[in-house]
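To start, the structure itself, in structure tokens.
The values are calculated or read from the model by the stated rules, or taken from the named source; none is laboratory data. This is a predicted model, so every value here is computed, not measured. Reconstructed Cβ throughout: ideal geometry from the backbone, glycine too, with neighbour counts over all protein chains shown.
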Amino acid sequence: MLFNGKHLQVDKHGDYLHLIFNNQEGSSNVINAAVISELPNALKAIKSDNSAKALIIRSEKDHFIFGADITEFLGHFKKPASEMEKWLLEVHTMFNEIEDLEMPTVTCLNGLALGGGCEVALTTDFRVAVPKAKIGLPETQLGILPGWGGTVRLPRMVGADNAIEWITSGKHNRASDALKIGAVDAVVEPDQLLNAANTLIERALTGKVDYKARRQRKLQPLDLTKVEATMAFSTAKGFVAGKAGPNYPAPVKAITVMEQACGLNRAEAASLEIKAFAELTKTPTAANLVAVFLGDQYVKKVSKKWTKNTENIQRGAVLGAGIMGGGIAYQSASRGIPVIMKDINHDAIELGLTEATKLLGKQLERGKIKPADMAKTLNMIQPSLTYGEFDTVNVVVEAIVENVKVKKAVLPEVEKQLGPKAVLASNTSTISITDLATSLQRPENFCGMHFFNPVHRMPLVEVIRGKKTSDEAVAATVQYSLQMGKTPIVVNDCPGFLVNRVLFPYFNGFNLLIEDGVDYKRIDKVMEKFGWPMGPAYLMDVVGIDTGDHAASIMADAFPDRMQMPNKTIVQALHGEKRLGQKNGVGFYKYEVDKKGRPKKTVDPTVDAIIKTVVKGNKDVTDEEIIERMMLPMIFECARCLEEKIVETPQEVDMGLVLGLGFPPFRAGALKYADDVGLSKVVELGQKYASLGALYNPTEGIKALASSGKSYYQI
């Protein structure tokens, strides 16, 4: 062993040196301060062996390198730009040493090679990968760009168009796709990985492959004429800018850097990359997207703790078919978990199967699955009009009508059919789990499992713990959620739980704006510009006016001081006129089906007469005040959920909103947004709108944090 560090080792096998990434202090290889501190000594050991003929870089883990240690990023972000640039240059210098070694080099990609891990691989002359490997540069998804040579090396290796696609999308690319564009040189089975690396080296040493010429391409300007460069980069910038939007500057910045660097050598191009990286770290978008990433990692760790001693779910069941039940059944079956889909109505069963078939059909059309995969998944969904075989399932998800009396009648009936350890979970969106449990003999086996519509797209599942719910029931439900490919967040019971509880104060802010004569179309535009995927009127149409009205009444009964509206709301008025939104084609907007079968929104002037019946004034409200009046009720309700221990941490609150509501990721969640506004400012704004009622009352927790100069995210 020529060098034996805690993260890096250098060993010799015959004439070839091996630089091995093997974090002996954890389960994952990442590039962090410890790795960077060991790399100079590892490189010194490599250079000191004059008899070595080649270098192989590989990993001892089941992956290559996940990327840079994001937990260290925010600390770097706070440094002056000059210090950030100095740090980046130090890493560039070390990576350049690998690239400039006087011997052929090859990287073995035995799994994920992302971000900084991918950039390590790009320094070598060759790359070989196993079929399961995923390679990519996801930095733009964090509001930054590749900072250790990714924008320099990749376009010179695979061409400008391919590099733009990889870097701006941030996708994890399959090894087979990387092979097609030349990002890797071979894809082989795991037991052949080292053999393939050795073969490439032998070909390089015998002159069959000119590794020096390959290396030279990465050192010199990009091989494009001015016309070709203009076409490649200008077209891409226009397309990516339109897709990313103004709130996500990193993808366009990355293209600009590659464009400006295309006529430069490695050192000159690297200086542009370093400067751009440092600039992006100073943007709020970067800080917030990193916060979202860290929040996602945090909730995954919480889930891992819950399921530490929990066995896999072998079989599930869904009670209540239809679109929601069909979506849940599809999600279970598509992840390889057999599921019974039970309903009392044959038509509902057919609707559920149709929903699953439709979702699979779309995947088939896109080439993501084969006909055999579709058949296999559908065969895992067992339709049933009876409770036969319910005694064989581990978890049952009740997804019937959102009515407390109906649920209390049906749940005991289901419970009688289950084994003593089976978990019964309700997909209710607002009804108290503790209340529903009063109808059961084994309330310890009962909890909430709230999916969001459409099930196959929305990543969040709220796992709701009632007063008598056992840890084992929560753990089993978290496990089922994970196996279904979802992100579970455990919340304590209350009406609306987390997501719907904080959503309806937001809707009430909207109701009050309508009452003050503000145009619903303008509110939608302002909130969409704020970053929401759709404004509140459009969102209510998608949710369903009747569903929204029903849920609002439940929330008003639960929290009358701030959620009971003093006057008739626009949602109640529309419901009374049987305008249900997309369900029947008319709500705030009118909907027609487009060529792809999707509802297309158009303005419907006939709604104006209904709106006039609830308008009480004609206030002059600025766009900024619209945002304040919409967001403050949500912020304060999020704070209450945290203070009441409905959810344990600010990260879980905010990730619930990002994953369950589509809260703008570049703002990172309501509590992080409150931090960015400033909690003292948030308290002042609450006082500004005090006349609008308790909805705008700052909580004691927010006031305490504001007075002490603290925030929810203490970095």
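Brief remarks on what is shown
- Flag if THR71 is in a helix (DSSP H, G or I), among the β-branched types (Val, Ile, Thr) and within 29 Å of the chain's Cα centre (by Cα): yes
- Positions within segment 154-194 being surrounded by 17 or more Cβ atoms within 10 Å (Cβ to Cβ) and of a type in the set (Ser, Thr, Tyr), in sequence order: THR168, SER169
- Being at pLDDT below 95, assigned to a helix (DSSP H, G or I) and either touching a Lys or Arg at 6+ places or on another chain (Cβ under 8 Å) or buried (at least 22 other Cβ atoms within 10 Å of the Cβ) (or both) is not true of ALA52.
- Which numbered condition ILE328 fails, given (1) surrounded by fewer than 16 Cβ atoms within 10 Å (Cβ to Cβ); (2) under 21 Å from the mean Cα position of the chain (by Cα): (1)
- Segment 476-489 residues that are assigned by TED's automatic domain parsing to the domain that holds MET449, paired with ones that are among the acidic types (Asp, Glu) and in a strand (DSSP E or B) (beta carbon under 9 Å, 6 or more apart): PRO488/GLU462; ILE489/GLU462
- Of the candidates GLU99, GLU119, GLU60, the single residue that is in the same structural domain as GLN192 (by TED's automatic domain parsing), within 30 Å of GLU202 (Cβ to Cβ), of a type outside the set (A, V, I, L, M) and crowded, with 22+ Cβ neighbours inside 10 Å is GLU119.
- GLU279 surrounded by fewer than 22 Cβ atoms within 10 Å (Cβ to Cβ) and of a type in the set (Asp, Glu): yes
- The helices (runs of 4 or more DSSP H) falling completely within segment 313-400 that include 3 or more residues that are within 19 Å of ARG457 (Cβ to Cβ) and in contact (Cβ under 8 Å) with a residue 60 or more places away in the chain map to 322-334.
- For segment 63-75, the set of residues classified as over 23 Å from ARG127 (Cβ atoms) and surrounded by 16 or more Cβ atoms within 10 Å (Cβ to Cβ) consists of ILE70, PHE73, LEU74, listed by residue number.
- Hey, ALA197 farther than 30 Å from LEU74 by Cβ and surrounded by 24 or more Cβ atoms within 10 Å (Cβ to Cβ) or not: yes
- In segment 286-299, the residues that are at pLDDT 90 or above form Cβ pairs under 7 Å with partners that are hydroxyl-bearing (Ser, Thr, Tyr), at six or more places apart or across chains, as follows: ALA291/TYR713; LEU294/THR71; VAL299/THR487.
- Failed criterion for GLY207 (all others in (1) more than 31 Å from the chain's Cα centre (by Cα); (2) assigned to a helix (DSSP H, G or I); (3) free of Cβ contacts under 8 Å to residues at least 24 places away in the same chain hold): (2)
- Condition met for ALA409 (small (Gly, Ala, Ser), assigned to a strand (DSSP E or B) and modelled with pLDDT of 90 or more): no
- Of all residues making up segment 38-68, the number that are among the charged types (D, E, K, R) and within 27 Å of the chain's Cα centre (by Cα): 2
- The listed residue being in contact with a strand residue (DSSP E or B) (Cβ under 8 Å, 6 or more places away or on another chain) and either in contact (Cβ under 8 Å) with a residue 24 or more places away in the chain or over 22 Å from LEU137 (Cα atoms) (or both), out of GLY111, GLY14: GLY111
Residues are listed down the side, and each one gets a yes or a no for (1) at pLDDT below 90; (2) of a type in the set (A, V, I, L, M); (3) more than 17 Å from VAL603 (Cα to Cα); (4) in the same structural domain as VAL615 (by TED's automatic domain parsing):
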residue	(1), (2), (3), (4)
TYR538	no, no, no, yes
ASP561	no, no, yes, yes
ASN567	no, no, yes, yes
ILE570	no, yes, no, yes
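- Counted residues, segment 394-427 - those being among the β-branched types (Val, Ile, Thr) and buried (at least 22 other Cβ atoms within 10 Å of the Cβ): 5
- Where PRO560 falls short, out of the listed (1) surrounded by fewer than 22 Cβ atoms within 10 Å (Cβ to Cβ); (2) of a type outside the set (A, V, I, L, M, F, W, C); (3) in contact (Cβ under 8 Å) with a residue 12 or more places away in the chain: (3)
- Residue list for segment 248-276, filter: more than 15 Å from THR168 (Cβ to Cβ) and either buried (at least 20 other Cβ atoms within 10 Å of the Cβ) or under 21 Å from the mean Cα position of the chain (by Cα) (or both): ALA261, CYS262, ARG266, ALA269, ALA270, ILE274
- Within segment 95-119, the set of residues being over 13 Å from VAL184 (Cα atoms) and among the hydrophobic types (A, V, I, L, M, F, W, C) comprises PHE95, ILE98, LEU101, MET103, LEU112, LEU114.
- Complete set of residues in segment 535-557 that are touching a residue at least 24 places away in the same chain (Cβ under 8 Å) and either among the polar types (S, T, N, Q) or more than 25 Å from LYS405 (Cβ to Cβ) (or both): PRO536, ALA537, TYR538, MET540, ASP541, VAL542, THR547
- Filter pass, ALA639 being at positive phi, in contact (Cβ under 8 Å) with a residue 12 or more places away in the chain, surrounded by 17 or more Cβ atoms within 10 Å (Cβ to Cβ) and touching a helix residue (DSSP H, G or I) at 6+ places or on another chain (Cβ under 6 Å): no
- The single condition from (1) touching a residue at least 12 places away in the same chain (Cβ under 8 Å); (2) part of a loop (DSSP other than H, G, I, E, B); (3) under 20 Å from GLY509 (Cβ atoms) that ARG579 fails is (3).
- Residue selected from segment 582-597 under the condition part of a loop (DSSP other than H, G, I, E, B) and touching a strand residue (DSSP E or B) at 6+ places or on another chain (Cβ under 8 Å), by the criterion surrounded by the most Cβ atoms within 10 Å (Cβ to Cβ): GLY587
- Test: residue in segment 504-514 that is within 26 Å of THR386 (Cα to Cα) and buried (at least 24 other Cβ atoms within 10 Å of the Cβ): no
- Selected residue [under 21 Å from ASP161 (Cα atoms), part of a helix (DSSP H, G or I) and either outside the structural domain of LYS529 (by TED's automatic domain parsing) or in contact with a Lys or Arg (Cβ under 9 Å, 6 or more places away or on another chain) (or both)] from ALA241, ALA278: ALA241
- Filter result for ALA267 (farther than 30 Å from GLU415 by Cβ, in contact (Cβ under 8 Å) with a residue 24 or more places away in the chain and assigned to a helix (DSSP H, G or I)): no
- Within this structure, GLY660 passes the test of being within 17 Å of GLY496 (Cα to Cα), touching a helix residue (DSSP H, G or I) at 6+ places or on another chain (Cβ under 6 Å) and crowded, with 24+ Cβ neighbours inside 10 Å.
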